[in-house]
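K.L.:
Please see the structure below; I have some questions.
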Amino acid sequence: MEILKFNFPDDGRIPNSPLPLILYKGAFEAGGSLADAMEEKFTKNNWTNSWRNGVYPYHHYHSITHEVVGVYSGQAQLHMGGENGEVIEVQAGDVLVIPAGVGHKKVSASDDFGVIGAYPDGKDYDLMTGEEGERPRADERIAQVPLPATDPVLGTEGGVTELWTMW
């Protein structure tokens, strides 16, 4: 497994975060029910309130929680960090840990593209799109989101527990 980190500055519309987005390339091996394996691992590490679907084709972010997104089938190009961010290629077995405030959108995907998402401590989520009037309230909520006690893939040893620090 390769661990990559990405930082995105506030672009005026999408606040992003000083915490890095973490991409685990090849976190899970293909085969069997990858979605079930991801959900089991996330649940074991207390990232719950899961769902299965895709990624919205427009920039959005969450202001009340962090999010994990595991790719269980297909491949896609995801634009992370808003318009000034970066397009990242993901495929089945990859996992993204997205800090609160970091923008994400689907640019393109294979027909079989599927993801499972979840949140630390089973938190609820909101949907912000960078529209006028969202901020500064969204910024205030993002600043209140606690650091998770566990990483959705690595548990208590590594990942967000080492790579994220309170800002």
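K.L.:
Where nothing but the Cβ of Lys and Arg (+1) and of Asp and Glu (-1) is charged, how large is the charge dipole of the chain around its Cα centre, in debye to the nearest 20?
P.N.:
Computed about the Cα centre, the dipole is about 100 debye.
K.L.:
Which residue, G158, V95, A143, has the largest displacement toward the positive end of the dipole of the stretch 72-167 when charges sit on each Cβ (Lys, Arg +1; Asp, Glu -1)?
P.N.:
Value computed over the given set: A143.
K.L.:
Just to check, using Stokes-Einstein with a Kirkwood Rh over alpha carbon pairs, what's the diffusion coefficient of the stretch 8-50 at 37 °C and 0.692 mPa s in µm²/s?
P.N.:
253
K.L.:
Number of Lys-Lys pairs in the chain under 17 Å by Cα, sequence gap 8 or more or different chains?
P.N.:
The number of close lysine pairs in the chain is 4.
K.L.:
Could you compute the net charge surrounding D11? Neighbours are other residues with a C-beta less than 15 Å from the C-beta of D11; K and R count +1, D and E count -1.
P.N.:
Net of charged neighbours comes to -4.
K.L.:
Next question, about the same structure. Kindly write out, for the stretch 97-105 in residue order, the coupling ³J(HN,Hα) from the Karplus curve 6.51 cos²θ - 1.76 cosθ + 1.60 (θ = phi - 60°), rounded to whole Hz, with x marking Gly and Pro.
P.N.:
After applying 6.51 cos²θ - 1.76 cosθ + 1.60, I find 10, 10, x, 3, x, 7, x, 8, 7 Hz.
K.L.:
Taking only Cα atoms, what is the 0 to 90° angle, nearest 10, from helix 34-44's long axis to the longest principal axis of the chain?
P.N.:
Around 60 degrees separate the two axes.
K.L.:
Considering every Cα-Cα pair within the stretch 68-146, what fraction, in whole percent, is farther apart than 16 Å?
P.N.:
56
K.L.:
Given H placed on each backbone N at 1.01 Å, which residues far from V115 in sequence or on other chains put an amide H within less than 5 Å of it?
P.N.:
Under 5 Å from the amide H of V115: N53, G54, Y72.
K.L.:
For the chain, just list the percent of Cα-Cα distances falling in each 10 Å bin from zero outward, please.
P.N.:
Bin by bin from 0 Å, the calculated values are 11, 43, 37, 8, 0.
K.L.:
Here is a further query. Counting only C-alpha contacts under 8 Å and six or more residues apart, can you give the relative contact order of the stretch 30-112 as a whole percent?
P.N.:
After rounding, I find 35 percent.
Computed from the coordinates by the stated procedures, all read-outs in this text should not be read as laboratory data. No experiment lies behind these values; they were computed from the predicted model shown. Don't worry about glycine lacking a Cβ; one is built from the backbone with ideal geometry, like all the others, and counts go over all protein chains shown.
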